[in-house]
1. Say R0 is 56 Å: what FRET efficiency, to the nearest 0.05, do R340 and T486 get from their beta-carbon distance?
2. Ratio to report: Rg/Rh of region 269-444, with Cα atoms as the point set and Rh obtained by the Kirkwood method; give two decimals.
3. Normalising by the residue count of the chain, find the relative contact order in percent from Cα pairs under 8 Å and 6+ residues apart.
4. Give the residue from L355, G428, Q406 lying farthest towards the positive end of the charge dipole for region 343-485; charges sit on Cβ (+1 for Lys and Arg, -1 for Asp and Glu) and the dipole is referred to the Cα centre.
5. Considering only C-alpha atoms, what is the centroid distance from region 72-119 to region 280-337, in Å?
6. Take every Cα pair under 8 Å in region 269-444 that's 6+ residues apart, average their separations, divide by the length, and report that relative contact order as a whole percent.
7. Taking the Cα centre of the chain as the origin and placing charges on Cβ (Lys, Arg +1; Asp, Glu -1), which of G109, N184, G468 is farthest toward the positive end of the dipole?
8. Using every pair of alpha-carbon atoms in region 167-315, split the distances into 10 Å bins beginning at 0 and state the percent of pairs per bin, rounded to integers.
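What follows draws every value from the coordinates through simple rules; no lab data is involved. What you are looking at is a predicted structure, and each value in this text was computed from that prediction instead of being measured. Cβ coordinates were reconstructed from backbone atoms using ideal geometry, including for glycine residues, and neighbour counts include every protein chain displayed.
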Amino acid sequence: MATPIFPFPATSYALTSAGAAAHRIGGNFRDAASGAVREVENPRHGAAMGSVAWGDAADVEAAVAAARAAFPGWRDTPPKARAQILHRWRVLLEAHTDELAWLASHENGKIVSEARASVEKGIECLEFAVAVPNAQNGGVMEVSRGISCEVRQEPLGVVAGVVPFNFPAMVPMWMVPLALAAGNAFILKPSEKVPFTALRMAQLAEEAGLPAGVLQVVQGGQPVVEALCDHPEIRALAFVGSTRVAKLVYSRTTALGKRCLALGGAKNHLVVVPDADPEMTATNVVASSMGSAGQRCMAASVMVAVGDVQHIVDLTVAKARAIRMGEDIGTIIDAEAVTRIERFIEDAVQRGAKLLLDGRGQRPDGSGGYWVGPTILDDVTADMPAGCDEIFGPVLSIIRARTLDQAIAIENDNAYGNAAAIYTSNGGTAEYAIARFSAGMCGVNIGVPVPREPFAFGGWNDSRIGHGDITGADGYRFWSQARKVTTKWALQKDATWMS
Ligand code: NAD
């Protein structure tokens, strides 16, 4: 039986083995039932750092059996006792933040400071979940004389989550803490490209006292996801990833009458008007478009430049050019993604876009791995692939507009709707744009307008298939069901149910 090397020993970017990302089922590491494994690469080196179990329906079946066995005990654990275990998990995650950050950095390729911030954001989601049963439960009222109505949030049972490669620590934490706080048994399917961080976090949850089988990890790709969608005992499934797969997963689960919330890809627009503060805007646009090498669903990928903002464009290019690869931004996830990103750039140039900054072929001196440097394309139009499709790399497309209304129309016409932002020093302009953007998360002078707890995360349109946000109160509701209880004890000769 091959196991992971935990605690992960790396404290630098040097290639370090993490062993085998096995499943975590019923409190034990397990190989895939078929014995299949795939290689996991460290994208900074373009070399193997370990392997991942390649699961299938048999492994999902085993996890469901363990979850079924664990669920009644966890459901019957009082919410406050559940919260205490989650709190101990939080303490352990905090103590292991550096280890988790290095692990996420190694498997994902992002720089360690970005990885650390993502672990911290994950912990913030957990903090919210620890408190949520206190805030969300209750609600009892005498509705008629001697008759009370009460609502109780109860768990669904065995539930599942499927997550992408770009935030190995944070995205699982959008789902797992709320689902556990609600009393469910959770099966997590990490991206096969980054299977280690979530596995380590699940192991720490057990160390914190979470009973075996309450949080399990089944590794693999499409076969595992399909088995999770299809399994009759899995009551709800949350998905985060590309829109194409989000739509597949959503239709497959909901066709079986299950709950599903599937977050998809994005094309986020930052609208810059002439009264924007140049320094703040350029700094922010660069951080948003180039941070995490553009592999963020909240990355600004389009700057809509309204009127004469050439001075801001020039400053943006200068700041992007100053980015040190490998120190300020990390790698692209794999070779295939590099090819895809470079194809977008080439295509835009062929269609007449101007290359203000070309990151193709750039990499830190002497390094292997998968890199694309900061790239800025000007005179992009909304009908070019670089102007409307998700590139998911460090590429900023500038679309020129004459008026704010034109800029808003460009944003509105895009199929996605995760985030949009306006850069201005005028409150009226900001309000005008925010009220008209077709996006779930809007920013004023903020390029990555991720709401912080207790405010919830969730886009609109093709960035979110299903209903509600994934975090916050909506997340808790997604993982629970409301039982309404109407009670009468006293005999009421003179009263009816409606009196
Ligand atoms: P992806 O859609 O390729 O994979 C996501 C998950 O689905 C993985 O666990 C993968 O194993 C599984 N999967 C892949 N193909 C599948 C298939 N055909 N059938 C069933 N399951 C399948 O996404 P990714 O490349 O890992 O992540 C990047 C994408 O995620 C981007 O589009 C990004 O915008 C999006 N994302 C969105 C949000 C959000 O909040 N909206 C957050 C993070 C990432």
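1. Given R0 = 56 Å and the Cβ-Cβ separation, E is 0.50.
2. Reported Rg/Rh, Kirkwood definition of Rh: 0.95.
3. Dividing the mean separation by the residue count of the chain yields 17 percent.
4. G428
5. 29
6. Across region 269-444, relative contact order equals 28 percent.
7. Result: N184.
8. 10, 31, 26, 17, 12, 4, 0
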